[in-house]
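Structure record follows, encoded as structure tokens.
The values are calculated or read from the model by the stated rules, or taken from the named source; none is laboratory data. Treat the numbers as computed from the prediction; the structure is a model and nothing was measured. Here Cβ is always computed from backbone atoms with ideal geometry, including for glycine, and neighbour counts include all displayed protein chains.
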Amino acid sequence: MKKAFTLLELLVVLSIIGVLLGLVVSVASSSVQWSREWKASALCKVVQAGLAEYKIQNQGKWPDFSTKKEQTSKETGREELTEESVKKLIHDAVKYSIDKCPIMDVTQLHVAGAHGSARSKFYGRTFMEAIKGSERNPETLEGSQMYFGYPEKKHGYFRSFKIYYITATDSMEVTK
């Protein structure tokens with residue numbers, strides 16, 4: 001006589017598999033978020049180091065960033081640059097890296113063709129994908145169309161950097 005599984009045994013096995021699958025999906029999701037967070041921090045450091053190297057290469061002069069936001073902390077001397085100034089500052093550093101002296105690795109910079117404001121929902125791509133196109137996104141971008149930023153932690157949407165000029169130390173701080 002053949003012995004078959006009962007309905008109860010099958011339900012128990014399926015529920016165990018479901019719980020295990022839920023754990024695997026949860027771990028995979030958090031590791032994706034962690035990797036986006038890590039990439040964002042790494043990109044901030046790359047841009048900040050590139051801007052510092054630009055200043056060294058140009059006898060202590062920053063690229064032009066004359067327009068500043070009104071939000072200046074009088075205690076720390078931190079002035080937040082406007083979105084247009086951030087775009088111009090990073091563009092100048094990238095152009096300098098490509099044309100004159102490689103002050104930073106521009107190939108992995110996160111790029112989008114539109115500004116990553118708080119409510120926008122579009123994905124970025126690497127600089128190389130933006131200038132050459134890719135299978136997923138064949139459209140290419142000109143340098144003047146590019147915004148540089150980082151992938152948002154939760155969904156991976158493109159977000160623009162914030163750059164602060166610190167008057168006391170004559171330095172730049174790049175943050176998310």
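Tabulated data
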quantity: Whichever residue in segment 101-139 is out of contact with any helix residue (DSSP H, G or I) (no Cβ under 8 Å at 6 or more places or on another chain) and among the charged types (D, E, K, R) and, among such residues, is surrounded by the most Cβ atoms within 10 Å (Cβ to Cβ); calculated: Arg125
quantity: Residue within segment 57-72 that is surrounded by fewer than 16 Cβ atoms within 10 Å (Cβ to Cβ), within 28 Å of the chain's Cα centre (by Cα) and at pLDDT 85 or above present; calculated: yes
quantity: Complete set of residues in segment 115-151 that are under 19 Å from Ala93 (Cα atoms) and in a loop (DSSP other than H, G, I, E, B); calculated: His115, Leu141, Glu142, Met146
quantity: Long-range neighbours under 6 Å by Cβ, at least six apart or interchain, first residue under 13 Å from Gln48 (Cα atoms) and touching a residue at least 24 places away in the same chain (Cβ under 8 Å) within segment 88-113, second in a helix (DSSP H, G or I) and of a type in the set (Phe, Trp, Tyr); calculated: Ala93/Tyr54; Ile103/Tyr54; Leu109/Phe127
quantity: Complete set of residues in segment 152-162 that are crowded, with 22+ Cβ neighbours inside 10 Å and either among the acidic types (Asp, Glu) or not in a strand (DSSP E or B) (or both); calculated: Phe161
quantity: Matching entry among Ala93, Ala52 (being at pLDDT 85 or above, more than 21 Å from Ser117 (Cα to Cα), touching a helix residue (DSSP H, G or I) at 6+ places or on another chain (Cβ under 7 Å) and part of a helix (DSSP H, G or I)); calculated: Ala93
